[in-house]
Amino acid sequence: MDTLTTRPSVAEGEPATPQPLTSRRIRSDRAFFGIVSSSGVLVLALMVAVGVFLSYQAFDALQARGLAFFTTSEWQPDRNQFGVAAVLVGTLLIALVAVAIALPLSILTALFIVEVAPTWLRSTLVALVDLMAAVPSVVYGLWGLFLLQGQVVGVSRWINSWFGWIPFFKVNGADPTSPLSSASVYSASAFIAGVVVAMMVMPIQCVVMREVFSQVPPGEREGAFALGSTRWGMIRVVTLPFGRGGMIGGTMLGLGRALGETIAVLLIISPEFVIKFRVLEVGANSVSSLIALRYSEASGFELSGLMAAGLTLFAVTLVVNFTASWFIARSRSGASSEA
């Protein structure tokens, strides 16, 4: 034992009463406690340092533009007309498309691995999903640019043909009734970028959901089967309610990854500084792509504006990740299951 526990001695003949217990950490226990505490403090200190650095570097741009920095869609620092409204909207649209595609894939994959796949296949599937998260983002970007984009254009055309009456799926300059209409109006869109990012965030979401689903108490599974439930019925009334917090947390973590993706998005999109909610239409932008595209040529004042854009993305991602951590910490079973 690393911790010594002692209790006060009781004189002979005295009545037995509850005695307080005292503990004293030995040297190895104190060393471990110090290392773990220092690591936690170091992580928090680094996060605060990043925030302070970005705030200091962005001070000039934020002071010059004020709240207009968050409502201006242009990016012309030489004319003092710049802001993150357009790129922030583009970032959110790409991230939402990615999460909308990756969420059902993640849930179904995690359920298959935990509840359906045989034991001899399970470890292989886990390794394959984990390896997807290790693929560099530039590889996903090249794959999306040279292979996926040509295939997704047809999907974009089909969505516009059937759901173009919804402003979100409308494409200006496209004739959904003509199969010979130009495909260029559908390329380099937020939708295609979102599909590529979805393949990158799916492993992160799947890992979190898989770990939560695997913690379902066997007694609850067996109780559902004992009451005559089918496998799908057991998943519906036991596994999914148990993993609700994990599904929400995994989705939020994937959203945080999607918000900050840079290279894959930069390779696919055609940058535009216009607030646009039409995800199928050519042209999009994101905060991280803006920084990567303009940083090498940025002057002093424009560099401050890029730092302000980075600070905005840092704050949004921080909120998303803390929200995800809160949901994951609260993902417990028992009371939430219906079995």
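To the nearest ten degrees, helix 244-260 and the longest principal axis of the Cα atoms of the chain are 40 degrees apart. Summing charges over all other residues whose Cβ lies under 10 Å from the Cβ of Asn160, with Lys and Arg as +1 and Asp and Glu as -1, gives +1.
For the chain, the share of DSSP beta bridges that are antiparallel, to the nearest 5, is 90%.
Helix-derived [θ] at 222 nm for the chain: sum -39500 (n - 2.57) over DSSP H runs of at least 4, divide by residue count, nearest 500?
Per the formula, -20000 deg cm²/dmol.
Between the beta carbons of Trp326 and Ala31, assuming R0 = 30 Å, the FRET efficiency works out to 0.45 to the nearest 0.05.
Between amide H atoms placed 1.01 Å from N, distances below 5 Å from Ala284 occur with Ser270, Glu272, all of them 5 or more places distant or on a separate chain. Applying 0.36 nm per residue to the separation of Leu318 and Ala183 and subtracting their alpha-carbon distance, the gain on full extension is 44.8 nm. Going through (1) 46; (2) 38; (3) 58, the figure that equals percent of Cα pairs over 28 Å apart as computed for the structure here is (3). Under the rule a/c < 1.5 gives rounded, and otherwise a/b versus b/c splits prolate from oblate, where does the range 49-189 land using the Cα gyration tensor? Because a/c hits 1.5 or more and a/b fails to exceed b/c, the range 49-189 counts as oblate. Site pair Leu67 and Val50 shows an inter-label distance of 2.9 nm when each label is modelled 7 Å from Cα along Cα→Cβ. In this structure, the amide hydrogen of Gln81, modeled 1.01 Å from its nitrogen in the peptide plane, lies closer than 5 angstrom to those of Gln76, counting only residues at least 5 positions away or on a different chain. In terms of its C-alpha gyration tensor, the range 96-167 comes out oblate, because a/c is 1.5 or above while a/b does not outweigh b/c. Grab the other residues whose beta carbon is less than 14 angstrom from that of Arg65, score K and R as +1, D and E as -1, and report the net. Around Arg65, the charge tally is -3.
If R₀ is 22 angstrom, what is the calculated FRET efficiency for the pair Ile166 and Val274, using the beta carbon separation as r and rounding to 0.05? With a Förster radius of 22 Å, E is 0.65.
Take the chain and mark each of the trypsin sites (Lys or Arg not before Pro) that is in a DSSP loop with at most 14 other Cβ atoms within 10 Å; the longest unmarked stretch, sites excluded, is 1-329.
Computed from the coordinates by the stated procedures, all read-outs in this text should not be read as laboratory data. All values derive from a computational prediction rather than experimental measurement. Cβ coordinates were reconstructed from backbone atoms using ideal geometry, including for glycine residues, and neighbour counts include every protein chain displayed.
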